[in-house]
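K.L.:
Here it is, the structure in full.
The values are calculated or read from the model by the stated rules, or taken from the named source; none is laboratory data. Computed from a predicted structure; not experimentally measured. All Cβ positions, even for glycine, are placed from backbone atoms using ideal geometry, and neighbour counts span all protein chains on display.
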Amino acid sequence: MSTLASDAATGSDAASTRPGARRPYETRRTFAIISHPDAGKTTLTEKLLLSGGAIEMAGAVRSKGNGRRAKSDWMEIEKNRGISVTSSVMTFEKDGINFNLLDTPGHSDFSEDTYRTLTAVDSAIMVIDAAKGIEAQTKKLFEICRLRDIPIVTFVNKIDREGRDPFEILDEIEAELALSVAPMVWPVGQGGLFKGCYDLAKNDFLFAGNDRTQHYAGGLDDPALQAALGESAYAGFRDAAELAAEGYADFDPAAYRQGHLTPVVFGSALQNFAVDRLMDFIAEHAPEPRPQPSDRGPVAPSEDKVSGFVFKVQANMDPKHRDRVAFVRFCSGHFKRGMKLDHVRSGKALAVSNPIYFVAQERSLTEEAYAGDVIGIPNHGTLQVGDTLTEGESFRFTGLPAFAPEVLRRVRLEDSMKLKQLRRGLEDLAQEGLVQVFRPTIGSDWIVGVVGPLQLDVLASRIAGEYKADVSFEPVQYNVARWIRADSEQALKEFIRENTMNVVRDRDGWPVYLCKDDWDLRYIMNRHKDIAFDATREIVQQGDAGK
Ligand code: G4P
């Protein structure tokens, strides 16, 4: 991409044929940050963007975010509750490496969206608050990464504040996540006694004062380091650093890439401490784009033909552009603006004339992209989550799931004249993945399903703000939803006929069985062994299948 990446420096197609030159996709690092709310994800994102030159001033992510938030109510909810419910992509380039940072919502209510975003990354940074250790949401997100073997580097944040003993944190990561740890950057003191960090691999010390980097060729034994730290701080630090180096696994790049070992960097996002080390680590060791699973086998990034999949759709991203943006992760080939790609689900060609990429909260046109890159394609509903785009091929990428909702509500419209607006809003927001929308076989009320109740607040607020319809939600007698299917089409039809009151259709027309609780579910499952009741369904978007 002309603006996205200095491909002249990192290898255009011509450059990549030179012996030893990297191919453009090899310079891509597509990653996400996973953390519990408040651990410091926003602050770290900002420092990474600063360091990559994507923003110029500390506070820009936040202040831009606030500016945008002020314009829409649902962002207001986000602000009031201090959580981040949107996800977007941020692209920046440093020293010939193109970083694509995909933002994931931090709140557990949005796990489905997060899951899908994690299908589009090749590695992740796990941010842990040094005072809190592993928290609930960190663990959940970690489990998702493990399912997909996503390599993780850990950043233990806020070491400039009083926190827990670093050894305790390392042991907790090992015990709770069943993961080997390899300390890479070690803190010297904490809180008021914080002196800086020691890079155990490079043997250099980063001072907390103005003079940030001081190299000590003599490593831990260097008398200058001893003098700089003072006797007692040095003694404590030396013992700890030795123990850290000896008591834990050495960094093994292969084990990291397979997801068995996490290197650990202690630092401070707020003070911009060791953030550069984290970024160096990602550049040097984080995997370049990995082969992606598809129904014709893994698709390698080195393949010549362009391919990619939609992992997220967002409506009304910017009130100035009332459009829908589909986020596409490229998996192979060299995409150029204006290219006609095959939209596999519909079998139609799609001319991509306005592909956009994102820097912080800004968007601009991009000319080209390679495997690992993420672009936004504005469209009017053609592109859906799970869609595959190719250059004349007809396979589909696999592995994007939808989860059965845990909270079901009937939508009540305050003003029946606003039915059209409501329908449009529900369709758009379901397509984004914010909620799932079901239509009963009998009756006309929509039922919405969410993973957590916070999504309902966001839904009501967005429908009011963006579609000008006021809605409220009523409880329904169901708490459990399962997609149903059967080997025999006849058996499925019969089951649906017998249980009309309990069967609804999801947005794509797939039948869903609703019941009161797990007991009811077990009961019906026992009575109908020929029907499969699925808590997840793969988003394959294959037209009429299963309907
Ligand atoms: P999140 O996106 O993961 O939810 O966390 P965020 O970056 O918003 O950080 C949560 C709070 O932790 C913020 O304080 C932030 O300034 C603070 N913080 C982040 N990194 C560090 C660090 O390295 N050291 C210290 N001491 N604090 C850190 P806040 O008071 O909630 O917000 P603000 O008023 O500072 O914006």
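K.L.:
Sort out which residues of region 182-197 are crowded, with 19+ Cβ neighbours inside 10 Å and either more than 19 Å from residue 280 (Cβ to Cβ) or of a type in the set (Gly, Ala, Ser) (or both), and write them in order of number. Break it down stepwise before answering.
P.N.:
As a first pass, look at region 182-197 and keep what is crowded, with 19+ Cβ neighbours inside 10 Å: 182-188, 190, 194-197.
Within region 182-197, 182, 188, 190, 194, 195, 196 qualify.
K.L.:
Please determine, by comparing only the residues of region 79-107 that are among the aliphatic types (A, V, I, L, M) and modelled with pLDDT of 65 or more, which one is farthest from the ligand (Cβ to nearest atom). Break it down stepwise before answering.
P.N.:
Going through region 79-107, the residues among the aliphatic types (A, V, I, L, M) turn out to be 83, 85, 89-90, 97, 101-102.
Next, only the ones that are modelled with pLDDT of 65 or more stay: 89-90, 97, 101-102.
Values: 89: 16, 90: 14, 97: 24, 101: 13, 102: 15 Å.
If we take residues in region 79-107 being among the aliphatic types (A, V, I, L, M) and modelled with pLDDT of 65 or more, then 97 is farthest from the ligand (Cβ to nearest atom).
K.L.:
Could you please give the count of residues in region 394-432 that are in the same structural domain as residue 482 (by TED's automatic domain parsing), in contact with an Asp or Glu (Cβ under 9 Å, 6 or more places away or on another chain) and charged (D, E, K, R)?
P.N.:
Of the residues in that region, 8 qualify.
K.L.:
Then there's this: Picking from 349, 369, 402, which residue would you name as being surrounded by 21 or more Cβ atoms within 10 Å (Cβ to Cβ), touching a Lys or Arg at 6+ places or on another chain (Cβ under 8 Å) and of a type outside the set (Asp, Glu)? Please lay out each step first, then the result.
P.N.:
Details: 349 fails: surrounded by 21 or more Cβ atoms within 10 Å (Cβ to Cβ); 369 fails: touching a Lys or Arg at 6+ places or on another chain (Cβ under 8 Å).
Of the residues listed, the single one that is surrounded by 21 or more Cβ atoms within 10 Å (Cβ to Cβ), touching a Lys or Arg at 6+ places or on another chain (Cβ under 8 Å) and of a type outside the set (Asp, Glu) is 402.
K.L.:
Return yes when residue 170 is at pLDDT below 90 and closer than 28 Å to residue 238 by Cβ and no when it is not. Before you say what the answer is, go through the steps one by one.
P.N.:
Numbers: at pLDDT below 90: no; closer than 28 Å to residue 238 by Cβ: yes.
Judged against the criteria, residue 170 is not a match.
K.L.:
For region 149-163, how many residues meet the condition of being more than 14 Å from the ligand (Cβ to nearest atom), at pLDDT 95 or above and not hydrophobic (A, V, I, L, M, F, W, C)?
P.N.:
The number of residues fulfilling the criteria is 2.
K.L.:
Also, quick follow-up: Among the numbered criteria (1) surrounded by fewer than 18 Cβ atoms within 10 Å (Cβ to Cβ); (2) outside any helix (DSSP H, G or I), which one does residue 526 miss?
P.N.:
Of the numbered conditions (1) surrounded by fewer than 18 Cβ atoms within 10 Å (Cβ to Cβ); (2) outside any helix (DSSP H, G or I), the odd one out for residue 526 is (2).
K.L.:
Next up: May I ask you to say which residue of 132, 158, 140 is crowded, with 18+ Cβ neighbours inside 10 Å and among the basic types (Lys, Arg)? If you could, list the steps in order and put the result at the bottom.
P.N.:
Values: 132 fails: crowded, with 18+ Cβ neighbours inside 10 Å; 140 fails: crowded, with 18+ Cβ neighbours inside 10 Å.
Only one candidate qualifies: 158.
K.L.:
Which members of region 193-231 meet the condition of being modelled with pLDDT under 85 and of a type in the set (Ser, Thr, Tyr)?
P.N.:
213, 216
K.L.:
Is it the case that residue 497 is charged (D, E, K, R), part of a strand (DSSP E or B) and not assigned by TED's automatic domain parsing to the domain that holds residue 314?
P.N.:
Working: charged (D, E, K, R): yes; part of a strand (DSSP E or B): no; not assigned by TED's automatic domain parsing to the domain that holds residue 314: yes.
For residue 497, the condition - charged (D, E, K, R), part of a strand (DSSP E or B) and not assigned by TED's automatic domain parsing to the domain that holds residue 314 - is not met.
K.L.:
Going through 298, 287, 293 one at a time, which residue ends up being more than 30 Å from residue 161 (Cβ to Cβ), in contact with a helix residue (DSSP H, G or I) (Cβ under 6 Å, 6 or more places away or on another chain) and not charged (D, E, K, R)? Outline the logic, then answer.
P.N.:
Details: 298 fails: in contact with a helix residue (DSSP H, G or I) (Cβ under 6 Å, 6 or more places away or on another chain); 293 fails: in contact with a helix residue (DSSP H, G or I) (Cβ under 6 Å, 6 or more places away or on another chain).
Only one candidate passes the filter, namely 287.
K.L.:
If you check 356, 375, which single one turns out to be of a type in the set (Val, Ile, Thr) and touching a Lys or Arg at 6+ places or on another chain (Cβ under 6 Å)?
P.N.:
Working: 375 fails: touching a Lys or Arg at 6+ places or on another chain (Cβ under 6 Å).
Testing whether each residue is of a type in the set (Val, Ile, Thr) and touching a Lys or Arg at 6+ places or on another chain (Cβ under 6 Å) leaves just 356.
K.L.:
Continuing with this model, one more query. Suppose we filter 239, 222, 250 for residues that are more than 16 Å from the ligand (Cβ to nearest atom), in contact (Cβ under 8 Å) with a residue 60 or more places away in the chain, more than 30 Å from residue 395 (Cβ to Cβ) and out of contact with any helix residue (DSSP H, G or I) (no Cβ under 8 Å at 6 or more places or on another chain); which single one remains? Don't jump to the end; show me each part of the working.
P.N.:
On the way: 239 fails: in contact (Cβ under 8 Å) with a residue 60 or more places away in the chain; 222 fails: in contact (Cβ under 8 Å) with a residue 60 or more places away in the chain.
Answer to the check: 250.
K.L.:
Quick one: which residue in 204, 199 is over 22 Å from residue 126 (Cβ atoms) and within 36 Å of the chain's Cα centre (by Cα)? I'd like the intermediate steps shown before the answer.
P.N.:
Values: 199 fails: over 22 Å from residue 126 (Cβ atoms).
Exactly one residue qualifies, and that residue is 204.
K.L.:
Let me ask another. Among the residues of region 26-48, write down those that are assigned to a strand (DSSP E or B) and among the basic types (Lys, Arg).
P.N.:
Step one: list which residues in region 26-48 are assigned to a strand (DSSP E or B), which gives 28-35.
The answer is 28, 29.
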